[in-house]
Amino acid sequence: MTNPSLLILPGDGIGPEVMAEVRKIIDWFGAKRDLAFDVSEGLVGGAAYDAHGTPLTDETMEQAQQADAVLLGAVGGPKYDDLDFSVKPERGLLRLRKEMDLYSNLRPAQCFDALADFSSLKKDVVAGLDIMIVRELTSGIYFGEPRGIIEEGNERVGINTQRYTESEIDRVARSAFELAMRRDKKLCSMEKANVMESGILWRDVVTEVAKDYPEVELSHMYADNGAMQLVRAPKQFDVIVTDNLFGDILSDAAAMLTGSLGMLPSASLGAPMANGRPKALYEPVHGSAPDIAGQGKANPIACILSFSMALRYSFDQGAEADRLEAAVEKVLAEGGRTADLLGEEGVTPLSTSGMGDAVIAALDASL
Ligand code: NAD
Ligand code: IPM
Ligand code: MN
């Protein structure tokens, strides 16, 4: 049997810094759990632009299509702000999502007990929080046509189009219902059916799909109210399903419930490949964090937990994913903190590699 293949795309800014810690963890699973991967590395984002003049080469795109799973760090940075839109670092990531047809983006927000005090919300609002946001990732206003900046009269007009087909809504809704079935069987769908036709269609299709999942309790909420409810009483939710743009914003808000954007992993899943595994890309929710890049301050946990999601969703290694998540929890419980998680006075923060080493030590202790 050949080992499963992993394509690693560290990207820009803190991407390579957090990915270096994930490499240590991948090596640990190879050495200690007999779980080896064929790992290859490629360029994406600004790093690919610097080397090849494009944020994603066709060769890397093809490698991603062939890989059993792709792990990505982050893309972007101020250095690339003035580039033409078509070659901006973010376009590389969007091309991966679109061409791999990764329509279902799972963004869990879990509040580890050790961090409940650290959230900007009151402890009892977030303690024990465990929600899953399912964001549609390959359509909506991110990709709808027409788009562009045109001249009209004597001024410019910026145009983007919110567009969803029934089948696009149907498939992401199904993936959210399937997840809800494996969790607390509660699904809240968020759109703005009060002002957008695409929202009316979204609500219709989700309601139709619900007939196939009678055990799941479905509710609907306008997305602006959803944002408010997420910070007011986030524990009312189990699974949330929403469109591409609302999902982008709501998941950043949910990240802060857990203490830091540096904690939140994600899985972007598509249809099953010939080998039965879903097409998949795993990445932290955060970006390249230019303000702290190169200083060894970045929290690698979001990226580490993204690998844990790969173990669970691509490689059928739920028990090993549990082991890795328990190791992260142990480090936090024992007071391990990167700078973004520091509230208390007098605690010295761990560096990025210090946090990676602490997770490895906790993994060793789990054997
Ligand atoms: P960001 O997520 O990079 O940073 C927001 C804030 O959170 C910053 O203060 C940053 O220091 C902090 N932060 C983020 N991740 C952290 C971590 N792991 N540890 C500690 N602190 C962390 O968002 P931004 O500043 O809006 O965007 C910067 C660049 O990243 C932009 O070019 C943007 O397009 C890109 N971006 C990329 C992705 C991605 O690759 N998936 C996601 C979001 C933003
Ligand atoms: C994310 C990011 C991306 C998005 C950007 C970098 C294209 O914010 O993954 O949340 O808007 O989807
Ligand atoms: Mn985002």
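Just so you know, all these numbers are worked out from the coordinates, no wet-lab data involved. All of these numbers come straight from a predicted model, not from anything done at the bench. Here the Cβ positions follow ideal geometry from the backbone for every residue, glycine too, while neighbour counts run over all protein chains shown.
Values computed for the structure shown
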{"quantity": "R183 paired with N160, simple spin-label distance in nm, labels 7 Å along Cα-to-beta-carbon", "calculated": "2.5 nm"}
{"quantity": "Selection from G11, S288, L305, by position along the positive dipole direction of the chain (Cβ)", "calculated": "L305"}
{"quantity": "Cleavage-rule hits, chymotrypsin sites (Phe, Trp or Tyr not before Pro), region 262-357, DSSP coil, Cβ neighbours within 10 Å at most 12", "calculated": "none"}
{"quantity": "Beta bridges per DSSP with both ends in the chain, % antiparallel, nearest 5", "calculated": "45 percent"}
{"quantity": "Length added when fully stretched, A326-D58, from 0.36 nm per residue minus Cα-Cα", "calculated": "92.7 nm"}
{"quantity": "Computed FRET value (nearest 0.05) for N194 with R23, which takes r as the C-beta separation and R₀ as 35 Å", "calculated": "0.15"}
{"quantity": "Backbone HN-Hα couplings from phi across region 302-315 [Karplus 6.51/-1.76/1.60, Hz, Gly and Pro as x]", "calculated": "4, 6, 4, 5, 5, 5, 4, 5, 5, 4, 6, 8, 9, 10"}
{"quantity": "Computed [θ] at 222 nm, deg cm²/dmol, the chain (DSSP H ≥ 4; -39,500 (n - 2.57); rounded to nearest 500)", "calculated": "-12500 deg cm²/dmol"}
{"quantity": "Hull-based mean projected area of region 41-112, where the convex hull spans the alpha carbons, in square nanometres", "calculated": "6.2 nm²"}
{"quantity": "Theoretical FRET efficiency, 1/(1+(r/R0)^6), r = Cβ-Cβ of A51 and T2, R0 22 Å, to 0.05", "calculated": "0.15"}
{"quantity": "Set of region 184-228 residues, backbone N closer than 15 Å to the point 7 Å along the Cα-Cβ line of E152", "calculated": "none"}
{"quantity": "Modelled FRET efficiency - R0 22 Å, A274 with S167, Cβ distances, 0.05 increments", "calculated": "0.50"}
{"quantity": "Rg [Å, one decimal], Dmax [Å, integer] - the chain, C-alpha atoms", "calculated": "20.2, 70"}
{"quantity": "Residue of E178, E283, E152 that the Gaussian network model of the chain assigns the largest fluctuation, springs spanning Cα pairs under 10 Å", "calculated": "E152"}
{"quantity": "Restraint check, K122/K330; K185/K211; K297/K330; K235/K330; K122/K192, Cα-Cα greater than 25 Å", "calculated": "K122/K192"}
{"quantity": "Difference of contour (0.36 nm per residue) and Cα-Cα distance, E208 to E90", "calculated": "39.0 nm"}
{"quantity": "Placed amide H near T338: partners under 5 Å, 5+ positions off or other chain", "calculated": "L350"}
